[in-house]
Amino acid sequence: MPGLRRRFGDYGGRYVAETLHEALDELEAAFVTIVPSEAFRTELDRLLRTYVGRPTPLFRADRLARAIDPKNETISALYLKREDLAHTGAHKINNAIAQVLLARTMGKTRIIAETGAGQHGVATATAAALFGLPCEVFMGAEDIARQAPNVGRMRLLGAAVRPVTSGSRTLKDAMNEALRDWVTHVRTTHYCVGSAAGPHPYPELVAQFQTVIGEEARAQMLEVEGALPDAAIACVGGGSNAIGLFRGFLADPSVALYGVEAAGAGLDTERHAATLTRGRKGVLHGAKTLVLADDGGQILEAHSVSAGLDYPGVGPEHAHLRDTGRATYLTTTDGEALAETRRLARTEGLLVALETAHAFARVEEISRREARTRGRPVTLLVCLSGRGDKDLATTLPALEAAETP
């Protein structure tokens, strides 16, 4: 287990109240001493294998590939990394299990978390229940309304869901409230951050716990294809599933990395969450990164049909990867994501999360771009980060309205 990176180029760092420095130092020290230990690794590996269900499979989506490329001109093979088949239905459980195990080892007696789409809240509530620790999840009132199934799951798992009614009543505001709670209860409580964002050491800590996605996918591609993919693709809100996938291929320059963020109602409107495309440098939730902000530096409200992408910031490593050109970031509108949700359901029988649908909506564009560059059809790998049962209250009315003459 490597050490913890504090900064990613010009991004990252720790910009928080003095009262949190001791807790963050304690967490960093625990990570570099406890996580590499044989006892911790053995227990985490056992839980990932026997409880989470890892390794998650790699699925070759031939019907979707031919729907996108009927003449076989740009796609030779399209593979999906099936994080939706992990316990709780999304990649979030990889990080939550590891963080709560670490918190218990540190002697913490209470777990708190923030959540947008509810997947991280469900994952944290699940891990807390497994270890017998009380759990409280902060969630924007707007997200509670559009993610009712996950709210019910958290409560059934024994977690208290704390509605947040300030600001835009979404993920940004939930994270604000979780940080306020942590300041008050810092000695007994572990804040289980769900994305590769926030103050040091969280961006690096979460990325390392999610790297299992990329490491598995790399080995599986070599096993089934005898070669690495030409491009790896994932959706980006805060960016934890994307950075987990990307880290498996960062040292492979032949593998192009693509992140897809939410263009919402369109980049020419003020209703989007395209931080990497339209953002500027700023500080949000304790880290320097790219943010949606006005000329005075005030954080703007983000918008996406997907609660998990509805965030005006991004993990600092993604900002660095954008600046260096190692990764390319594209955007998908709400309408494109909804249409892609329907295409995946009807070609492959997969109900994917709205977050994930954003990534799939750009597969055709990426295949054309990479095939043109390489002069041949290409092999693509997409992280299917979560399943879409939770989104049906949003997805079904929107699709029915679109189909009504």
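The values are calculated or read from the model by the stated rules, or taken from the named source; none is laboratory data. For clarity, every value in this text was computed on a predicted model and none was experimentally measured. Here Cβ is always computed from backbone atoms with ideal geometry, including for glycine, and neighbour counts include all displayed protein chains. The accessibility values were calculated without ligands, DNA or RNA, using every heavy atom of the protein model including side chains. Shrake-Rupley method; radii C 1.70, N 1.55, O 1.52, S 1.80 Å.
Packing-based ranking of 309-322, 254-267, 27-40 yields 309-322, 254-267, 27-40, ordered from highest to lowest mean Cβ neighbour count within 10 Å. Taking each DSSP H run with n ≥ 4 as -39500 (n - 2.57) and averaging over every residue of the chain yields -13500 deg cm²/dmol at 222 nm. Between 0 and 90 degrees, the angle of helix 392-403 with respect to the longest Cα principal axis of the chain falls at about 30 degrees.
Sparsely packed loop sites in region 48-132 (the trypsin sites (Lys or Arg not before Pro) outside DSSP H, G, I, E and B with at most 10 other Cβ atoms within 10 Å) comprise LYS71. Between region 10-61 and region 365-399, the alpha-carbon centres lie 28 Å apart. Carbon and sulfur atoms: what percent of the 1.4 Å accessible area of the chain do they account for? Its accessible area is 51 percent carbon and sulfur atoms. Counting only protein heavy atoms and a 1.4 Å probe, the chain has 37 square angstrom of accessible area per residue.
Across ASP268, ASP173, ASP25, mean-square fluctuation computed from a Gaussian network of the chain (C-alpha pairs under 10 Å connected) peaks at ASP268. Cα centroid separation, region 155-197 to region 66-92: 32 Å. Among rounded, prolate and oblate, which fits region 76-153 when a ≥ b ≥ c are the square roots of the eigenvalues of its C-alpha gyration tensor, a/c under 1.5 means rounded, and a/b larger than b/c means prolate? Because a/c hits 1.5 or more and a/b fails to exceed b/c, region 76-153 counts as oblate.
Beyond 25 Å in Cα-Cα separation lie the following of the pairs LYS108/LYS390; LYS81/LYS281; LYS81/LYS288; LYS92/LYS390; LYS71/LYS92: LYS108/LYS390; LYS81/LYS281; LYS81/LYS288; LYS71/LYS92. Potential lengthening of the chain between GLU22 and ALA219 amounts to 67.0 nm, from the contour at 0.36 nm per residue minus the alpha-carbon distance. Each residue of region 334-342 is assigned a 3J(HN,Hα), and the resulting list reads 4, x, 5, 5, 5, 5, 5, 4, 5 Hz, derived from the Karplus form 6.51 cos²θ - 1.76 cosθ + 1.60 (θ = phi - 60°), x at Gly and Pro. For region 166-174, backbone phi angles converted through the Karplus equation (6.51, -1.76, 1.60; θ = phi - 60°) give residue-by-residue couplings of 8, x, 7, 6, 10, 4, 4, 6, 4 Hz, Gly and Pro being listed as x. Please report the antiparallel percentage of DSSP beta bridges with both residues in the chain, rounded to the nearest 5. Here the share of antiparallel DSSP bridges comes out near 30 percent. Taking θ as phi - 60° and the Karplus parameters 6.51, -1.76 and 1.60, the scalar couplings of region 13-18 work out to x, 9, 10, 9, 4, 3 Hz in sequence order, x denoting glycine and proline.
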